[in-house]
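What follows is one structure encoded as structure tokens, with my remarks underneath.
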Amino acid sequence: MARLGGKKALITGAGAGLGAQIARRFKQEGAELVINDISDDAARKLARELGGIGIAADVSDSNAVREMFARVESELGQLDILVNNAGFAFKPGDQETINRVNEVPLKQLAELEAGGPVQTHLDLTVDMTDQDWHRMIAVHLDGTFFCSREALKIMNPQLSGCIINMGSIMGTTGGMGSNYCAAKAGILGFTRSLAREVVSRGIRVNALAPGFIDTELTEPLVAARTLIEAQTPMRRFGDRDDIAWAAVYLASDEAKFMTGQVLSPNGGYVMSQ
Ligand SMILES: NC(=O)c1ccc[n+]([C@@H]2O[C@H](COP(=O)([O-])OP(=O)(O)OC[C@H]3O[C@@H](n4cnc5c(N)ncnc54)[C@H](O)[C@@H]3O)[C@@H](O)[C@H]2O)c1
């Protein structure tokens, strides 16, 4: 099947994890690819493997994003699908946050089991630096805005296109860091607003809100994993295809009546609507 045959797609943060798997499935379904990542090596490597163009750019840098889309327009002349996927949850080397996210919920449970009260606290926000806050918002929320704005310059005159933004269940439930959850919640609001704005141009805008999926991003969740699996009705983390196939669906004409929606493969962790 070629559910994306003839379509040209740009996926941000596609050098690894969910973005890379979305790229593989898009390719399998016939799309022509632009692979973006902040890592030049990762972007070029996957572009060589799958065919297509690899472009290194930090999505939080509006000039770099503008240049990337100018290249897309001049080399492809068209853009049908944008997946705003680039992101991170833990800043590299932030062992203190990783330790707290892993250990505090288990310590609190043990304290409750011992008759309470809870005396161990997460305290992530009170210890968050300005830089930790701004970088998280910059990559996820600014990046989604910068890339969408440039993509619309190509999609608007086409009177067609599809934007998929990567949210998270954390944007709805909270958990992990408040900076991550604020960014993801912002992405869901941005998705709904943009969907209403561009519907008259034949452009669809939707979001994915994955639950916990096995990628490098969730690797640090070691001690917390058992608790998360216990809270997930399917009792497991998702795999990359659980998200990649949902992206294929949203990008395809099968989803032609879908806009402003949040599709959330999460093993039942959150059930809504
Ligand atoms: N894995 C999960 O459980 C999960 C759950 C919900 C949402 N998400 C979201 O899915 C997206 C992908 O996550 P993943 O699990 O594949 O993570 P990952 O760490 O495996 O891959 C993220 C990729 O994004 C790239 N990247 C990071 N910052 C970038 C930037 N500023 N510009 C361009 N590229 C950048 C990285 O180099 C990396 O290749 C993220 O937005 C994440 O928040 C992941």
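By the Stokes-Einstein formula, at 0.890 mPa s and 25 °C, region 1-140 with its Kirkwood radius over alpha-carbon pairs has D equal to 141 µm²/s.
With N as its number of residues, region 203-251 has a Cα radius of gyration that, divided by 2.2 N^0.38 Å, comes to 1.33. Of interest is the spacing of the C-alpha centroids, which for region 160-227 and region 65-110 amounts to 10 Å.
Based on Cα contacts under 8 Å between residues 6+ apart, region 48-146 shows a relative contact order of 41 percent. The C-alpha atoms of the chain define a longest principal axis, and helix 240-251 lies at about 40 degrees to it.
Listed from fewest to most Cβ neighbours within 10 Å, the set Ile169, Ile137 follows the order Ile137, Ile169.
Report, in listed order, any pair from Lys45/Lys91; Lys107/Lys184; Lys8/Lys153 with a Cα-Cα distance greater than 18 Å.
Exceeds cut-off: Lys45/Lys91; Lys107/Lys184.
Near Lys7, which lysines are there with a Cα under 16 Å away, not counting those fewer than 8 places off in the same chain? Output for Lys7: Lys27, Lys256.
By the count of neighbouring beta-carbon atoms within 10 Å, fewest first, Phe257, Phe212 end up ordered Phe257, Phe212. When the charge dipole of the chain is built from unit charges on Cβ atoms (+1 for Lys and Arg, -1 for Asp and Glu) and taken about the Cα centre, the candidate among Ala230, Leu79, Gly211 whose Cα reaches farthest toward its positive end is Leu79. Considering the chain at the alpha-carbon level, its Rg and Dmax are found to be 19.0, 66 Å.
Would you mind ranking Phe26, Phe69, Phe145 so that the residue whose beta carbon has the fewest other beta carbons within 10 Å leads the list?
Details: Phe26 27, Phe69 23, Phe145 20.
Taking fewest neighbouring Cβ atoms as first place, the list is Phe145, Phe69, Phe26.
When the charge dipole of region 1-137 is built from unit charges on Cβ atoms (+1 for Lys and Arg, -1 for Asp and Glu) and taken about the Cα centre, the candidate among Pro92, Gly115, Leu4 whose Cα reaches farthest toward its positive end is Leu4. With label points built 7 Å along Cα→Cβ from the Cα atoms of Asp214 and Val270, find their separation and express it in nm. Here the modelled spin labels are 2.4 nm apart. Students often get this wrong: which residues of region 219-236 have the backbone nitrogen under 18 Å from the point 7 angstrom along Cα-to-C-beta of Lys91? Only 220 pass the distance filter. Shape verdict for region 3-47, please, from the Cα gyration tensor: rounded (a/c under 1.5), prolate (a/b greater than b/c) or oblate. Judged from the Cα gyration tensor, region 3-47 comes out prolate (a/c at least 1.5, a/b above b/c).
A short reminder: the numbers here are calculations on the coordinates, not readings from a lab. The model shown is predicted, which means the values in this text are computed figures rather than measured ones. FYI the Cβ positions are ideal-geometry reconstructions off the backbone, even for glycines, and counts take in every protein chain you see.
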